[in-house]
Amino acid sequence: MSENKNRKQEQLEQFKTDDKGEKLTTNQGVKVSEDEFSLKAGERGPTLMEDFHFREKMTHFDHERIPERIVHARGFAAHGEFQVYESMKEFTKADFLQDPSKKTPVFVRFSTVAGSRGSGELARDARGFATKFYTDEGNYDLVGNNIPVFFIQDAMKFPDLIHAVKPEPHNEIPQAATAHDTFWDFVANNQESAHMIMWAMSDRAIPRSFRMMEGFGVHTFRFVNAEGKAHFVKFHWKPVLGTHSVVWDEAQKINGKDPDFHRRDLWEAIENGDYPEYELGVQMIPEEEEFRFDFDILDPTKIWPEEEVPVKLIGKMTLTRNTDNYFAETEQVAFHPGHVVPGIDFTNDPLLQGRLFSYTDTQLIRLGGPNFHELPINRPVCPFHNNQRDGYGRQTINKGRVSYHNNSLAANTPEPASEEEGGFKHYEEKVDGYKVRARSDSFKDHFSQATLFWNSMSEAEKQHMIQAFSFELGKVESESVRQQVVDMFGNVSTELATEFAKAIGANPPQGKDTGVTKASPALSQENTKFKADTRKVALIIGQNFNGKEVKPVIDELKEKGLQIEVISDSQGKVTGEDGTELDVDHTFLTADSVLFDAVYAAGGEENKAFYKEAAYFVMEAFSHYKPIGATHEGRKLLEADEMKDSPGVVSSKDTESFAEQFSKAIAEHRHWDREVL
Ligand code: HDE
């Protein structure tokens with residue numbers, strides 16, 4: 001084979017594509033003979049209208065974009081599967097929750113809420129966590145967030161909330177940020193947002209990874225079993241790797257260094273075979289106990305504290321496959337909290353009720369008509385039949401004359417299914433009341449659970465929250481809005497509001513906070529799982545390093561599930577004094593400490609420039625409380641700033657138990673008890 005042919009063969013094998021090796025055609029299937037030059041009257045003449053190939057190519061291109069989602073525009077998704085641990089028959093008849101051997105395919109889309117499609121992923125924001133279960137009884141969508149409560153109690157206010165959080169309308173500033181006047185003006189004047197704001201100002205709003213955040217259905221739903229008995233239910237996703245966050249300074253820097261940080265992390269984990277796992281948890285309350293609590297269980301600004309209503313882990317979801325095409329799958333997927341299956345039903349949560357309208361409506365404009373369910377990513381895996389016909393983009397070629405019901409010409413098919421045959425029957429809840437536009441009295445306590453959240457935070461988490469409030473309000477121009485927010489959060493915690501009032505030059509809050517002393521330990525990330533698995537370590541290393549001792553450390557760290565990336569002052573290879581060779585993944589120019597969980601400085605020749613870059617790298621990681629390991633000449637990097645004896649810094653003369661100690665420090669995620677210089 002000629003060299004050219006060889007290269008072509010290699011290229012054909014490199015990427016999977018359906019078009020591989022095929023001839024280029026128009027959309028009508030006509031083979032194209034030329035794809036670089038439009039048809040012209042003479043080489044230097046005008047382009048001709050009859051150039052159907054050019055017109056088709058350009059028209060299609062002109063129409064490539066669809067409206068981005070009004071919220072949750074920036075998202076990333078993956079395929080996987082779900083399996084229940086044991087039958088949930090006692091509580092629900094949902095088919096995918098019956099048989100532990102059954103694997104239900106899923107598609108999960110994670111997102112930020114406020115930013116537009118191209119915005120940075122490390123915004124301080126709630127994250128969407130939307131799961132489509134392709135069950136044998138139809139699609140079930142659990143369209144949740146990584147925060148278990150919401151800003152508002154009634155869907156009526158959603159457009160106001162989103163108008164307030166989005167970039168301000170006169171100058172389209174700021175992108176993907178809550179740190180501006182209109183957002184905080186909304187907060188201060190819609191005080192039901194207090195609890196959600198506490199979460200949004202906490203570390204939860206800057207997750208380390210999609211793989212390390214919880215998910216929540218937020219609303220109260222119903223489980224209904226085959227006998228028609230119902231339980232109120234709240235859904236949780238618990239990440240097997242634990243719930244972890246970055247620090248705010250780091251988040252802002254990551255947005256510049258790698259605005260795709262979260263999607264890259266998920267993509268790479270799946271490509272590496274480190275499949276992200278989440279356990280599905282449910283909190284259940286029997287119908288008879290609806291009024292047992294000091295909050296209304298239908299209020300979406302309230303959690304059910306896990307210590308009062310335990311979370312039962314009922315199954316596991318594993319994400320195993322990246323998408324083939326971002327647009328066709330991630331962009332065109334259409335979630336809807338109204339996509340339920342028999343055994344799962346709604347409640348009268350007024351936020352949920354409004355969502356049941358909004359999601360189909362939004363797909364009609366976003367996906368251009370009523371046939372979005374026919375797009376491959378949205379199609380159920382079970383057959384579907386009805387008399388709906390036509391509309392933009394219809395793909396099904398329905399046969400026959402009958403598209404109505406009742407009929408006799410098609411023996412009255414497709415026909416409704418009885419409940420025994422799997423027909424969905426709405427839960428027969430008795431409803432009785434006056435038509436009113438009002439908030440129930442039981443929804444009026446906006447502060448108690450916000451205080452509960454504050455009480456549940458560790459000291460480090462509290463400090464992060466004070467800083468978050470101080471940052472956000474420090475960006476607010478209106479002094480009146482700043483003061484209103486201080487006064488509002490004075491209801492939640494005098495300590496919190498007094499601290500950030502100081503930082504922003506406002507008056508301390510008047511009056512007293514709720515006085516609630518209860519805490520819910522489950523809310524603190526200090527009580528999550530801690531593991532070193534899949535953490536990313538930056539290995540800083542120079543030429544002539546001690547290969548004999550360093551190589552076994554690298555191998556051991558890899559064995560412990562850590563991802564090691566080699567950083568040096570130039571690309572190519574670094575060679576140890578014993579001839580050990582390592583491929584350099586990044587230089588100091590293309591990498592940054594904020595993109596890693598930990599740093600291992602392993603020595604080698606360090607000229608002045610190398611030392612300067614490496615010292616900055618280590619110092620920055622240190623200031624973000626990250627684990628740092630140093631051996632050989634790498635230890636010099638610690639001496640300069642007297643970091644050596646700080647928590648989470650593992651400095652070792654010999655490499656004897658270094659990997660063991662270092663991976664333990666990595667498992668701890670961050671070392672908050674460190675005095676940052
Ligand atoms: Fe959404 N939301 N939302 N939302 N939401 C949308 O639907 C809406 C709410 C959530 O990855 C939109 O297809 C209203 C709570 C996620 O594709 C839209 C209200 C929760 C996603 C919409 C809420 C969510 C959306 C925009 C108040 C957590 C992204 C595009 C009543 C439980 C799904 C779209 C994806 C997306 C409306 C509140 C989660 C406009 C009216 C509460 C994860 O229909």
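The values are calculated or read from the model by the stated rules, or taken from the named source; none is laboratory data. From a predicted model like this one, the values you see are computed outputs, not experimental measurements. Counting neighbours? That spans all protein chains shown, and the Cβs are built from the backbone with ideal geometry, glycine included. When the accessible area is computed, the model is the full protein with side chains, heavy atoms only, and any ligands, DNA or RNA have been set aside. Shrake-Rupley method; radii C 1.70, N 1.55, O 1.52, S 1.80 Å.
Of note:
- Residues in the stretch 22-41 that are under 28 Å from Gln9 (Cβ atoms), part of a loop (DSSP other than H, G, I, E, B) and among the hydroxyl-bearing types (Ser, Thr, Tyr): Thr26, Ser33.
- Members of the stretch 42-73 that are free of Cβ contacts under 8 Å to residues at least 12 places away in the same chain, outside any helix (DSSP H, G or I) and more than 35 Å from the chain's Cα centre (by Cα): Gly42, Glu43, Arg44, Gly45, Pro46, Thr47, Leu48, Met49, Glu50
- Among the residues making up the stretch 438-458, those that are part of a loop (DSSP other than H, G, I, E, B) and in contact (Cβ under 8 Å) with a residue 24 or more places away in the chain are Arg439, Ser440, Asp445, His446, Phe447, Met457, Ser458.
- Against the criterion of being open to solvent by less than 30 Å² (accessible area, probe 1.4 Å), under 36 Å from the mean Cα position of the chain (by Cα) and among the basic types (Lys, Arg), Lys626 qualifies.
- Any pair with Cβ under 6 angstrom, 6 or more apart, that starts in the stretch 574-593 at a residue that is over 30 Å from Pro259 (Cα atoms) and ends at one that is aromatic (Phe, Trp, Tyr) and surrounded by 15 or more Cβ atoms within 10 Å (Cβ to Cβ): Gly576/Phe545
- Qualifying residue in the stretch 368-386 (condition: assigned to a strand (DSSP E or B), of a type in the set (A, V, I, L, M) and within 25 Å of the chain's Cα centre (by Cα)): no
- Look at (1) assigned by TED's automatic domain parsing to the domain that holds Thr135; (2) within 30 Å of Pro276 (Cα to Cα); (3) away from the ligand (no atom under 16 Å from the Cβ) and you find that His72 fails only one, number (3).
- First in the stretch 336-359 and open to solvent by 40 Å² or more (accessible area, probe 1.4 Å) and part of a loop (DSSP other than H, G, I, E, B), second anywhere and of a type in the set (Lys, Arg) and within 13 Å of the ligand (Cβ to nearest atom), Cβ under 8 Å, 6 or more apart: His339/Lys132
- Taking the stretch 492-514 as the range and being under 31 Å from the mean Cα position of the chain (by Cα) and touching a residue at least 60 places away in the same chain (Cβ under 8 Å) as the test, only Val492 passes.
- Count of the stretch 86-111 residues which are open to solvent by less than 10 Å² (accessible area, probe 1.4 Å), over 27 Å from Met212 (Cβ atoms) and hydrophobic (A, V, I, L, M, F, W, C): 1
- Any chance Glu268 is within 16 Å of the ligand (Cβ to nearest atom) and acidic (Asp, Glu): no
- Restricting the stretch 146-170 to residues that are open to solvent by less than 40 Å² (accessible area, probe 1.4 Å), over 19 Å from Ile206 (Cα atoms) and in a helix (DSSP H, G or I), the residue that is nearest to the ligand (Cβ to nearest atom): Ala155
- First in the stretch 120-136 and touching a residue at least 40 places away in the same chain (Cβ under 8 Å) and within 9 Å of the ligand (Cβ to nearest atom), second anywhere and in a loop (DSSP other than H, G, I, E, B) and not hydrophobic (A, V, I, L, M, F, W, C), Cβ under 7 Å, 6 or more apart: Ala126/Asn146; Arg127/Asn146; Gly128/His72; Phe129/Asn146
- Residue match in the stretch 280-288 (condition: more than 29 Å from Asn455 (Cα to Cα) and more than 17 Å from the chain's Cα centre (by Cα)): yes
- Members of the stretch 74-94 found to be under 27 Å from the mean Cα position of the chain (by Cα), charged (D, E, K, R) and not in a strand (DSSP E or B), listed by number: Arg74
- Test result for Gly391, away from the ligand (no atom under 16 Å from the Cβ), farther than 16 Å from Val71 by Cβ and small (Gly, Ala, Ser): yes
- Filtering Phe210, Phe158, Phe186 for residues that are more than 24 Å from the chain's Cα centre (by Cα) and outside the structural domain of Glu479 (by TED's automatic domain parsing) leaves a single hit, Phe186.
- Sole residue being part of a helix (DSSP H, G or I), closer than 20 Å to Ser209 by Cα and in contact with an Asp or Glu (Cβ under 8 Å, 6 or more places away or on another chain), chosen from Glu620, Glu565: Glu620
- Candidates are the residues of the stretch 215-255 that are part of a strand (DSSP E or B) and within 15 Å of the chain's Cα centre (by Cα); the one that is farthest from the ligand (Cβ to nearest atom) is Ser245.
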